[in-house]
Amino acid sequence: MIADLYDYDGTICPGDTGSAFWLFCLVRRPYIVLFLPFQLIGGLCYLLGICDFLARNCSIHCYMRALNAPRLAQRFAEKRVHKTFSYFLRRDRARDVVVCSASPEFLLRPICEKLGVTHLIATDVDPKTGVVRGRVCKNTEKVRRLGESFPDCTFDRVFSDSLRHDTPILKLGRTAFLVRRGDPRQILP
């Protein structure tokens, strides 16, 4: 298979999907602000690489225990898909597309379906508890998971908004593009 590979946040759509979903839920369910101290503790543990139990169970997603996240994710997708960068909407629809992101898979799946993307690799977050299952899909973990899911795939073009976080996947493509505010610029042959 020959495919194009895209990061999602900042590459296909502006901003961070997880944060945007939190704000979307906060407007509709203001009581989730009570989870903020736990989110801060979990985030600090994650950044410092200490206490994996707290990092997984008190992640930014722990507020999902207090709402119906899958139903809200469907409503969120309706709004989020309209923010898709125009260059992505104009892509060659005959070519296979793989989206690989650190954002939660259950949030991106309905968006990708609306955009006609069938291949998605993302972080496995339990939508009922907010617990991150497995490793966050970022940096070299993206490369590992892509190799596992698409062992015989050749990535023709790779798109990302971050050299810092996505250099490992940018190196997988015949051609690499850095996306700034919805404008892809070729950076590798």
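The values are calculated or read from the model by the stated rules, or taken from the named source; none is laboratory data. What you see is a predicted model; the values in this text were computed from it and never measured. No Cβ is skipped: glycine too gets one built from the backbone with ideal geometry, and neighbour counts run over all protein chains shown.
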Can you find a residue in the stretch 105-119 that is within 16 Å of residue 11 (Cβ to Cβ) and at pLDDT below 95? no
So, residue 169, is that one in contact with a Cys (Cβ under 7 Å, 6 or more places away or on another chain) and farther than 17 Å from residue 104 by Cα or not? yes
Can you go through 15, 42 and tell me which one is surrounded by 12 or more Cβ atoms within 10 Å (Cβ to Cβ), of a type in the set (Gly, Ala, Ser) and not in a helix (DSSP H, G or I)? 15
Wholly within the stretch 121-189, which strands (runs of 3 or more DSSP E) include no fewer than the required count, namely at least 1 residues that are in contact with a strand residue (DSSP E or B) (Cβ under 8 Å, 6 or more places away or on another chain) and closer than 28 Å to residue 61 by Cα? 154-160, 173-180
Contact list please: Cβ distance under 7 Å, first residue in the stretch 127-144 and exposed (fewer than 15 other Cβ atoms within 10 Å of the Cβ), second residue assigned to a loop (DSSP other than H, G, I, E, B) and not basic (Lys, Arg), pairs at least six apart or on different chains. 133/126
By residue number, the members of the stretch 153-170 that are of a type in the set (Lys, Arg) and surrounded by fewer than 19 Cβ atoms within 10 Å (Cβ to Cβ) are 164
So residue 118 clears everything in (1) among the polar types (S, T, N, Q); (2) within 24 Å of residue 43 (Cα to Cα); (3) touching a helix residue (DSSP H, G or I) at 6+ places or on another chain (Cβ under 9 Å) except one condition, right? Which one? (2)
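Of a type in the set (A, V, I, L, M), over 18 Å from the mean Cα position of the chain (by Cα) and not in a helix (DSSP H, G or I): is that true of residue 50 in this structure?
Values: of a type in the set (A, V, I, L, M): yes; over 18 Å from the mean Cα position of the chain (by Cα): yes; not in a helix (DSSP H, G or I): yes.
It is true that residue 50 is of a type in the set (A, V, I, L, M), over 18 Å from the mean Cα position of the chain (by Cα) and not in a helix (DSSP H, G or I).
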Per the filter on the stretch 62-92, residues part of a loop (DSSP other than H, G, I, E, B), charged (D, E, K, R) and either touching a Cys at 6+ places or on another chain (Cβ under 7 Å) or surrounded by fewer than 13 Cβ atoms within 10 Å (Cβ to Cβ) (or both) are 90, 92
Considering only residues that are out of contact with any Phe, Trp or Tyr (no Cβ under 7 Å at 6 or more places or on another chain) and either assigned to a strand (DSSP E or B) or modelled with pLDDT of 95 or more (or both), look in the stretch 93-104 and name the one that is surrounded by the fewest Cβ atoms within 10 Å (Cβ to Cβ). 96
Residue check, residue 56 closer than 21 Å to residue 134 by Cα and either among the charged types (D, E, K, R) or modelled with pLDDT of 85 or more (or both): yes
Any chance the stretch 171-180 includes a residue that's buried (at least 17 other Cβ atoms within 10 Å of the Cβ), free of Cβ contacts under 8 Å to residues at least 60 places away in the same chain and within 28 Å of residue 23 (Cβ to Cβ)? yes
Does residue 25 satisfy the condition of being at pLDDT below 95 and crowded, with 20+ Cβ neighbours inside 10 Å? no
